[in-house]
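Taken together, the values in this text are just the output of simple stated rules run on the coordinates, not laboratory data. Computed from a prediction, not measured in an experiment: that's the story for all the values here. Cβ: placed from backbone, ideal geometry, glycine included. Neighbour counts: every protein chain shown.
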Amino acid sequence: MKNIDSRTHVRGESVYLDDIPVIQGTLFGAAFGSPVAHGLIKNLNLAAAEAMPGVVRILTYKDVTGENQIGGIIPDEPLLAEHHVDYCGMPVAFVIAETDDEARAAVKRITIDIEPLLVITDPREAQAVGQLIVPPRTFRLGDSATAWTACDYIVEGTADTNGQEHLYIETQGAYAIPQENNGIKLYSSTQGPTAVQRAVSKSSGLPMHQIDVDVTRLGGGFGGKEDQANMWAALCALAAHILNKPIKYSLHRMEDMAMTGKRHPYSSDFKLGLDKDLKMVAYEVTFYQNAGAAADLSPAVMERTLFHCTNTYFIPNVTATAYSCRTHLPPNTAFRGFGGPQGMFVIEAAIAKAAEELGVHASVIQEKNLQQTGDEFPFGQKAQSEAHACWHKTDELYAVSEIRQKIASFNSVNQLYKKGMALMPICFGISFTNTRMNQARALVHVYTDGSVGVSTGAVEMGQGVNTKMLQVAAHIFSIDSKRVKIQSTSTYRIANTSPSAASATADLNGKAVEIACIEIMRRLKAVAAEELNVDVTSVSLKDEWVYVNGQQTDWDWNRLLIAAYAQRVSLSEHAHYATPDIHYDKSLEKGHPFAYHVYGTAIVEVTVDCLRGTYEIDAVKVVHDFGSSMNPLIDRGQIEGGIVQGIGWMTMEEVVFDKAGRLRSNALSTYKVPDIYSVPKEITIEPLQTETENLALFRSKAVGEPPLMYGIGAYFALRNAVLAFNPSATIPFDAPMTPEKVLLALYHVNPAQTSSYAQTQT
Ligand code: LUZ
Ligand code: MOS
């Protein structure tokens with residue numbers, strides 16, 4: 001079944017926040033963000049802005065009717081700055097005007113006097129002066145300190161990954177419409193309607209039952225709208241509450257890029273020990289997470305980095321420590337993978353370093369250390385591992401040694417073009433790491449005309465979750481999918497939702513839909529049994545007809561519904577699902593936090609132009625653990641998108657903040673993302689079909705985040721191509737591997753290691 005939104009998407013008829021018809025009397029908001037990254041506010045000058053045409057009101061922290069606080073995990077983030085500013089772009093005032101243009105023109109007239117304070121943009125500097133968001137955490141397995149003596153080879157190093165702009169096509173925004181008796185209806189481009197509802201409730205002072213957050217779909221989220229839609233919704237709701245007028249704010253791209261957080265940059269130290277058979281014996285790693293100026297989701301992101309610090313390998317002795325470091329950047333936030341990719345990059349860097357020093361292919365070390373079923377993760381969970389199955393199927397299907405030979409022969413006859421490849425096995429835990437969040441609800445109404453309406457807590461953001469929800473209902477009822485409509489996601493219909501995140505949305509909400517539909521079916525079968533005067537166990541429904549003992553009757557779906565209604569049997573159900581058997585003990589850092597893991601292996605092949613430093617991604621060939629896909633078309637789309645997004649993070653996307661904390665890569669002219677010309681020339685995806693995972697919706701494993709991590713292979717493939725040209729290059733593990741960095745590495749001369757290349761070329 002194709003994505004149910006494809007028709008309206010292609011025709012431009014799909015409704016996003018900015019497509020909602022604006023009600024008469026609507027006013028428009030625009031935020032004034034701090035021009036300075038850190039300082040004390042001495043004076044905020046609003047008079048010139050207030051005198052601008054169309055300006056109705058300018059709100060500051062003094063106008064906040066509830067608590068001036070939108071922090072989720074930790075209450076450390078004001079809605080509007082009070083006495084100090086902590087990052088460039090931090091909202092200080094909110095202008096309300098009659099038009100969008102007037103609001104923004106007035107923002108430009110606001111001036112602010114700030115006494116500057118020391119700006120820290122580097123996480124290690126922040127850690128050194130004790131600026132931590134939460135206390136550090138350490139995961140331990142075995143005893144790495146004593147294990148070094150058992151190692152024949154030890155490598156140490158540093159590995160850095162940079163941030164990443166979400167670049168959802170639809171920018172952040174909200175539209176708040178006051179209702180009678182202080183209610184507020186909010187349209188918000190959010191992955192977390194309840195998160196918005198909570199932030200609005202806290203900052204406005206209204207109870208949650210007064211706030212209906214309604215989401216039809218998003219033009220992309222990628223984690224950027226898990227927490228950071230709250231600010232704009234809370235500002236619009238506050239203004240709507242105070243002025244009793246509808247208020248809309250839809251951010252411009254440059255406002256969005258400057259004011260919102262991104263993927264967390266990390267700087268990490270690693271030490272990896274191997275025995276003479278290249279088995280990894282001990283691994284120590286310290287992560288310095290650049291959290292930005294407020295907690296946002298950083299503690300949870302930090303924890304997922306630890307959960308994924310050994311990727312898909314078994315290492316018997318591990319000590320992994322993570323610091324969440326407070327800097328003066330916009331608060332960094334969820335981004336597809338949620339800290340996992342950052343952790344996985346470091347172990348892959350350590351393996352690459354060992355391979356380069358020992359003169360073997362990294363894949364030899366990777367393969368020897370793949371985790372087996374029953375192996376223990378550093379956090380105590382025992383693996384149900386598909387790592388070997390994915391790796392070996394990759395080798396079988398794509399013939400790794402043949403690719404390697406082709407690359408070697410290409411490289412031997414080409415001076416200025418070099419090819420490289422890398423294998424990238426992945427392993428990603430499915431469930432929110434915060435156990436309590438692994439719950440969802442669904443509300444299913446069957447109407448007497450035979451149509452079905454389904455509401456869940458799932459937010460459609462292009463990932464196709466609504467299509468999957470629809471498939472569940474149509475399948476359980478055994479009715480034509482055209483009869484089912486997935487309604488918008490509303491906090492009035494579904495309460496206390498977890499955000500659509502952690503790759504778990506289809507599993508959690510789909511299971512709730514399944515439970516609700518099964519319950520309605522149970523009642524319908526009882527009605528049929530009574531009407532037909534047969535035993536209920538003999539009744540079944542198939543393709544909209546009632547069967548008794550496998551024999552079709554003259555009762556169809558509609559006739560049965562009308563009978564049920566006449567018998568006053570409920571045709572509605574609200575169901576709850578909570579992932580069973582997951583638990584985690586933070587005091588021990590042990591437990592079973594994930595319902596299951598998703599595995600896969602990718603081969604990434606690249607060609608570097610060694611004169612220019614530019615490169616192309618020739619191919620990405622994948623074996624992916626789908627479980628048993630319930631929608632191969634959607635799942636393949638997710639994998640292709642994830643691969644391209646991961647490659648973008650690892651190669652061309654470069655977030656640049658200057659020392660003063662100002663974003664220099666603040667538009668698409670200075671921040672380069674993969675386009676149609678730079679995507680891999682070939683992407684091949686073969687399924688590893690398994691039937692084991694019953695905690696996945698219809699045994700169809702989660703597919704949202706894991707494929708992004710295949711993109712990490714692009715970094716190591718580029719590295720290998722560069723080393724084919726200049727074997728003496730010392731290349732820091734410092735992603736992204738932009739063309740500039742490739743060029744520097746190609747012509748890098750290592751004075752300690754005067755190779756023949758260096759002698760002839762200098
Ligand atoms: N969000 C969250 C996530 O709140 N908890 C998680 O564990 C998570 N994992 C991935 C993506 N978003
Ligand atoms: Mo996400 S990073 O699953 O919002």
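Things to note:
- Listed residue pairs exceeding 26 Å between alpha carbons, taken from Lys42/Lys108; Lys276/Lys741; Lys659/Lys741; Lys202/Lys248: Lys276/Lys741
- Calculated log₁₀ intensity ratio I(q)/I(0) where the Debye formula runs over C-alpha points of the stretch 1-139, q = 0.10, 0.16 Å⁻¹: -0.53, -0.94
- Selection from Val622, Met257, Thr60 lying farthest towards where the dipole of the chain points positive, charges on Cβ: Thr60
- In the stretch 326-410, Rg over Rh equals 1.07, where Rg is the alpha-carbon radius of gyration and Rh the Kirkwood radius from pairwise Cα distances.
- Between Val413 and Asn43, the distance separating the two model label sites (each 7 Å from Cα on the Cα→Cβ line) works out to 7.5 nm.
- The ranking of Ile731, Ile96, Ile20 by Cβ neighbour count inside 10 Å, starting from the fewest, reads Ile20, Ile731, Ile96.
- Percent antiparallel among DSSP beta bridges (both partners in the chain, rounded to 5): 75 percent
- Net length available on complete extension from Thr65 to Val364 is 101.5 nm, with 0.36 nm assigned per residue and the Cα-Cα distance removed.
- Spatially close Lys pairs in the stretch 439-578, defined by Cα atoms under 18 Å apart and a spacing of eight or more places or different chains, total 6.
- Positive-pole candidate from Val679, Ser669, Ala696, dipole of the stretch 620-709, charges at beta carbon: Ser669
- The modelled label-to-label distance between Asn182 and Val569, using points 7 Å beyond Cα along the C-beta direction, is 4.4 nm.
- Quotient of C-alpha Rg and 2.2 N^0.38 Å, computed over the stretch 439-578: 1.07
- Compactness index (Cα Rg / 2.2 N^0.38 Å), the chain: 1.00
- Taking the number of Cβ atoms within 10 Å of each Cβ as an exposure proxy, the fewest-first ranking of Leu272, Leu746 is Leu746, Leu272.
- Rounded to the nearest 20 debye, the dipole size of the stretch 200-325 about its Cα centre is 260 debye, using +1 on the Cβ of Lys and Arg and -1 on the Cβ of Asp and Glu.
- Going from the residue with the fewest nearby Cβ atoms within 10 Å to the one with the most, Leu46, Leu274, Leu141 rank Leu46, Leu141, Leu274.
- Dipole moment magnitude, nearest 20 debye, the chain about Cα centre, only Lys, Arg, Asp, Glu C-beta charged: 420 debye
- The helix-based estimate of mean residue ellipticity at 222 nm for the chain, built from -39,500 (n - 2.57) per DSSP H run of four or more residues and divided by its residue count, is -9000 deg cm²/dmol to the nearest 500.
- Net charge contributed by nearby residues that have their C-beta within less than 15 Å of Arg568 (K/R +1, D/E -1): -1
- Residue-by-residue Karplus 3J(HN,Hα) for the stretch 712-727, coefficients 6.51, -1.76, 1.60, Hz, glycine and proline x: 4, x, 4, 4, 6, 5, 5, 4, 5, 5, 4, 5, 5, 7, 9, x
- Phi-based couplings in Hz for the stretch 158-175 (Karplus 6.51, -1.76, 1.60; Gly and Pro marked x): 10, 9, 10, 10, 8, x, 7, 6, 5, 6, 3, 5, 8, 6, 5, x, 7, 9
- Stretch gain in nm, segment Glu616-Lys485, where the contour uses 0.36 nm per residue and the Cα spacing is subtracted: 42.9 nm
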